[in-house]
Amino acid sequence: MKKYGYIRVSAKDQKTDRQLIAMAEQEIPKENLFIDKQSGKDFNRPAYKRMLKKLKAGDKLYIKELDRLGRNYDEIIEQWRIITKEKCVDIVVLDMPVLDTGSYKDLIGNLICDLVLQILSFVSESEREKIRKRQEEGIKAAKRKGVRFGRPEKYLPDNFKNMYLQWQSGEITANELAQKCGMSKPTLFKRIGEKKLKQIQS
């Protein structure tokens, strides 16, 4: 039986220290630790895939919290089934001792563990939906107050007319003109088109 640990954080700048300490307390060898630094919305993660290939029947997989495994209710249940049923590997969720499949080898024990997993996964996803809804409502409220999101609009500089004439006469290239205006070529020509349209309409 080999011990493995799976660690996940949502972004590259997030720390894994807390999860690493938890794995060290379980005396999991460093070579058996698999770390992903990306969203848990799906299981298309390089370290997770490598770990899944290494797991053999009788091994034990440790994770700090359930949402370190994933953040999607249906996919968590499916991966739990693959690991515990198909690969016959035990899973231990360190922050939730009841989710230790190695402690439940009879039918009732497995049923209890599966029920707890499904309930926790459902609650976890429900909380994320609430957070997402609150964020959407907050953005809508801010927009009604005139708050603008995204990159600020870039406008043509005051001396654009002179630079435009230089470009038309061939003194500078379109790339140089865009650079002088501090914007990309597509944005530059979009602003030029808008300026011409205003001149036509005025």
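The values are calculated or read from the model by the stated rules, or taken from the named source; none is laboratory data. None of the values given here were measured: they were computed from a predicted structure. Please note: Cβ atoms are built from the backbone with ideal geometry, for glycine as well, and neighbour counts cover all protein chains shown.
Does any residue of segment 31-50 turn out to be modelled with pLDDT under 90 and more than 18 Å from the chain's Cα centre (by Cα)?
no
Take the residues of segment 54-77 that are at pLDDT 85 or above and over 21 Å from Gln19 (Cβ atoms): which is surrounded by the fewest Cβ atoms within 10 Å (Cβ to Cβ)?
Ranking the candidates gives Ala57 first.
Restricting to helices (runs of 4 or more DSSP H) lying wholly in segment 3-75: which have 2 or more residues that are among the hydrophobic types (A, V, I, L, M, F, W, C) and under 26 Å from Ser126 (Cβ atoms)?
Where helices (runs of 4 or more DSSP H) fall fully within segment 3-75 and carry at least 2 residues being among the hydrophobic types (A, V, I, L, M, F, W, C) and under 26 Å from Ser126 (Cβ atoms), they are 66-69.
If you check Ile83, Ile119, which single one turns out to be part of a helix (DSSP H, G or I), modelled with pLDDT of 75 or more and in contact with a strand residue (DSSP E or B) (Cβ under 9 Å, 6 or more places away or on another chain)?
Answer to the check: Ile83.
Exactly one condition in (1) outside the structural domain of Gly40 (by TED's automatic domain parsing); (2) modelled with pLDDT under 85 is false for Trp167; which is it?
Unmet condition: (2).
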